[in-house]
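To start, the structure itself, in C-alpha cells.
The values are calculated or read from the model by the stated rules, or taken from the named source; none is laboratory data. All figures in this text were calculated on a predicted structure; none of them were measured in a lab. Here Cβ is always computed from backbone atoms with ideal geometry, including for glycine, and neighbour counts include all displayed protein chains.
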Amino acid sequence: MRLAAPAPTGGDIGGVAACGTFRFFSPAAFILIHAGVRSRGSPVTRTSGAPMKAACAVFASHPLKASFLTTFSELGLAPGLLAAIRAEGYETPTAIQAAAIPAVLAGRDLLGVAQTGTGKTAAFALPILHSLAQGGRRPAGRRACRALVLSPTRELAQQIAASFRTYGARSGVSVAVFVGGVKYGPQMRAVAGGVDVLVATPGRLIDHLGQGALRLDETEVFVLDEADQMLDLGFLEPIRKIVHKLPARRQNLFFSATMPDSIAALAREILEDPAEVRVAAQSTTVERVDQRVIHIEADRKRDLLLDLLSPRAVSRAMVFTRTKRGADRLAKFLSAAGLDVAAIHGDKSQGQRERALGAFRAGQAKALIATDIAARGIDVEAVSHVFNYELPNVPEAYVHRIGRTARAGAAGTAITLCDRAEIGLLRDIEKLTRLSIPAEDMRADRSAPARPPAGENKGKKKTRRRRGAPARDAARAAVASPSQPQPGGAGRRNDRKRGAPGGREWRPTL
Ligand code: AMP
C-alpha cells in the first residue's frame, strides 16, 4: 500500500536549534515544543535515576500531509534502502518518517505517538536497517538479536517482519519472527546462529527466553510498538520482564496510538532523553471516513447487516463484534445467507487466523468478521467499509476500528449499528472524537427516542463507564423501555426482504 504523501510546502520557520536534527518547511503542520518529559528513574533500566532532559518534540497536525524533507535521500539513508523505498513506490517521507528517521539515525531514543496507517513501521524499520548495516555488517552472536521489535498481536508482528524483509532486501539482513500458536522448533533454529532483527509477541518471546533459546544481552535497539494495545492486553509485566533482560546501553523506540498516564509512565521507565514525535492529535478520528450510526434493535442487527453487506459498493468490509462467540455466530449466519466471509479472533488457531486474513486480503472473503484483536495494526488495502455490529466497550477502540478503512488516502465508510443498550457507549465515542455522528433511525418502534434525553443519560454515565457495564445497562434499558410488539416487528427475516422495517421504504445509503 502507498500513502499519498504530498510535496513539501516550503518556507522555513526556523527556531529549531533546540532540536538540531530537524529542518522545518511547513509552519502550518509542525509546532516545535519542549515537552519536558521527566524520568522518575526506572526500576527496570536506569541506574542513575537522573531526570531526563527536556524532550525534543515534533507535532504534526496531519499524518499524511506535511512532509518537510523533500526526499528520502535527504534523510541520509543507505543506497540499498533508497532502492527498496523506490521499488515500493514511496516518493516522499510521511510526517512521522521525516521527523523520526533523523532522530533515530542520530542515536536518540524516540517516543512516537502515532497510529498505524501513518507509515510508522518504515519510520523505525528504515533507520534500524541503516544502522545495522553501518561499518560492515556485524553478525549477531549465537542465540542473540541485534534489534528486537515487540508487537501486541501475531498479525502485526508478521506484518512488521514483512516490512523489514522488504526494505532490507538489498542489505542482506536476517529477520525472524516469534509468535504464539505455531511450533517452537523452527523459531529456535531461526535464531540459533544469531539474527539481525527479531519481531516478537511478548508471551512467546518469554517462553524462548525461559528455554534459553534466546539471549537479549547483545540487543542494540529495542522497539515497543502499539504500547497502548500492549497494556490493554495485559502485557505490562511481560514487557518489564523483557526489558530487564536487555543491556542497559541500548536505543529505545516507543510507539503508541494514544498516551494516557499509564503509557506515559511506561515510556518514562524505558526511554532516556527521547525525541518526541506526535502525528495527529491523540484519539482523533480518521478524517476521511464517512461515519454513520443506524439505531436498530439488537435482534434485527444481523438482517440489517446482511442488507448492508450485499451491494457491490461494499467491496471489502470489516465487521467488528464485541465477543469471539458473537463473531463466530455472525460469520455462520452470513455464510448461511450466501456471503463469503471469514472470521478472526483470539480463540482461532494461528493457521485459521492466517487463512482468514489471507482470504480477506486476496478478495476471496468479502467480509472479515473480527473482534478488536484486528482493530489495530492490520494493514489490508482498500477496505471500503467498516461495520460496528456491536459498539466497543472502550471508546478508543472505535477510532482504531474505523481506521481500518480510508487508508492510504482512500475514501471509506464506517457504519455503526447501535441498539438502545449501547447508546451510552455511542455517547462516549462522540465525546472522545468530538463528533456528532449522523444517525438514521431504523428501529421498528420509533415512538421512543433513539437517544435518551440528556438527563436520563447523565444518570447512567458512571455505570456505563465501568467495565462489564453494558450487559447491566441492557437489562436496565429493557426495564426502562420494554419492547412492544410492532407491525413487521423485530427479528422477522422477511422484514429484510420487504426492505423496510415497520413498512418504511429504505435502502442503505452506501
Ligand atoms: P504503517 O503505518 O506502517 O502501517 O504504514 C501504512 C502503509 O503506508 C503501508 O502500507 C506502507 O507500505 C505505506 N507507506 C509507508 N511509508 C510510505 C511513504 N513514505 N509513502 C507512501 N506509502 C508509505
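Is at least one residue of the range 125-134 aliphatic (A, V, I, L, M), more than 16 Å from the ligand (Cβ to nearest atom) and not in a loop (DSSP other than H, G, I, E, B)? The answer is yes, given that some residue of the range 125-134 is aliphatic (A, V, I, L, M), more than 16 Å from the ligand (Cβ to nearest atom) and not in a loop (DSSP other than H, G, I, E, B).
Every test in (1) within 28 Å of ASP428 (Cβ to Cβ); (2) touching a residue at least 40 places away in the same chain (Cβ under 8 Å) is passed by ASP261 save one, and that test is (2).
Among the residues of the range 201-234, those identified as among the hydrophobic types (A, V, I, L, M, F, W, C) and over 16 Å from the mean Cα position of the chain (by Cα) are LEU205, ILE206, LEU209, ALA213, LEU214, LEU216, VAL221, PHE222.
Counting just the residues of the range 117-153 that are of a type in the set (D, E, K, R) and surrounded by fewer than 24 Cβ atoms within 10 Å (Cβ to Cβ), which one comes out nearest to PHE178 (Cα to Cα)?
Applying the filter and picking the extreme gives ARG143.
No other residue among ARG138, ARG165, ARG143, ARG108 is among the basic types (Lys, Arg), at pLDDT below 95 and more than 10 Å from the ligand (Cβ to nearest atom) apart from ARG138. If only residues of the range 387-444 that are in a loop (DSSP other than H, G, I, E, B), over 20 Å from the mean Cα position of the chain (by Cα) and among the small types (Gly, Ala, Ser) are counted, the one that is nearest to PRO93 (Cα to Cα) is SER436.
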